[in-house]
Amino acid sequence: MALKLLMAGVLAYLIGSFPTGVILGKLWGRIDVRQMGSTHTGGLNVARSVGIGAGILTILVDAVKGIIAVAIGQALTRSLWSVTTTGVMATAGHCWPLYTGFHGGMGLTTLGTILFYLQPLAVLALVPLWFILYMVIRHPPRTTMALMLAVPPLLWLLGEPLAVIVLGLLAGGVIFIKYIPDFNRVYD
């Protein structure tokens with residue numbers, strides 16, 4: 001079982017590492033999105049740097065790779081803890097992808113889709129909560145960092161099992177850490 005869980009985690013990291021934004025940036029706009037805008041490889045920077053179509057496609061692929069990673073983990077191990085392992089590793093893979101020198105996206109689409117796959121009500125609560133927090137904090141990275149602190153308690157309130165709560169804690173922690181360099185970023 002432990003070996004299967006380890007294999008699922010490694011596979012989830014490799015799936016999460018798929019550099020959607022980098023590939024679409026080069027194919028669609030002949031640019032490296034890691035050198036444009038925010039330098040992140042997620043859908044928002046791709047949309048700003050390349051175009052809305054490439055941005056939407058990046059978001060869709062980044063969403064699907066999270067679900068694929070978790071589904072493969074569930075099929076391999078038949079353990080609820082595979083959700084924790086694969087969800088965290090797919091999110092980490094998106095944030096620090098092997099294929100692009102560990103320079104990736106912010107992980108929100110990947111984790112958000114995994115949470116939606118597991119507990120849609122969590123995402124339906126987190127989206128408006130982000131906007132409420134933003135009205136108070138007025139800084140996107142700090143708002144997202146605060147939101148990640150709310151994920152585990154929200155999953156607990158929704159009655160999710162411990163494995164899913166731990167997923168929220170650890171994958172939310174990955175995103176929190178990924179946002180630290182942007183904590184003092186100035187927005188025009």
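Here, each number is a calculation from the coordinates, and none is a lab measurement. The shown structure was predicted, so the numbers you read here are calculated from the model rather than taken from an experiment. Please note: Cβ atoms are built from the backbone with ideal geometry, for glycine as well, and neighbour counts cover all protein chains shown.
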**Report entry** Most to least packed among 51-64, 164-177, 17-30, 134-147 [average Cβ atoms within 10 Å]
**Finding:** 164-177, 17-30, 51-64, 134-147
Query raised in the report: Hey, rough spin-label estimate for TRP156 and SER79, points 7 angstrom out along Cα→Cβ, what's it come to in nanometres?
Result: 2.4 nm
Query raised in the report: Exposure proxy check: THR84, THR113 ranked by fewest other beta carbons within 10 Å?
Result: THR113, THR84
Report summary line: Of GLN35, GLN74, GLN119, the most mobile residue in a GNM of the chain (C-alpha springs, cutoff 10 Å) is GLN35
Query raised in the report: Taking the Cα atoms of segment 1-111, what is the range of coordinates along each of the three principal axes, in descending order and whole Å?
Result: 44, 23, 19
Requested in this report: Return MET1, MET89, MET7 ranked ascending by Cβ neighbour count within 10 Å, so the fewest neighbours appear first.
Outcome: MET1, MET7, MET89
**Report entry** Hits among lysines - C-alpha to C-alpha of LYS26 under 30 Å, sequence gap 8 or more where chains match
**Finding:** LYS65, LYS178
Report task. Please report, largest first and rounded to whole Å, the three semi-axes of the ellipsoid equivalent to segment 1-60, where each semi-axis is the square root of five times an eigenvalue of the C-alpha gyration tensor. Result -> 29, 10, 9
Query raised in the report: Can you give the net charge of the other residues whose Cβ lies under 13 Å from the Cβ of GLY42, counting K and R as +1 and D and E as -1?
Result: +2
Report task. Please arrange ARG48, ARG78, ARG34 by counting, for each residue, the other beta carbons lying within 10 Å of its beta carbon, fewest first. Result -> ARG78, ARG48, ARG34
Query - Ellipsoid semi-axes in whole angstrom, largest first, where each is sqrt(5λ) of the Cα gyration tensor of the chain - result: 25, 21, 13
Report summary line: Here the FRET efficiency for ASN184 versus VAL127, based on Cβ atoms and R0 = 30 Å and rounded to 0.05, is 0.75
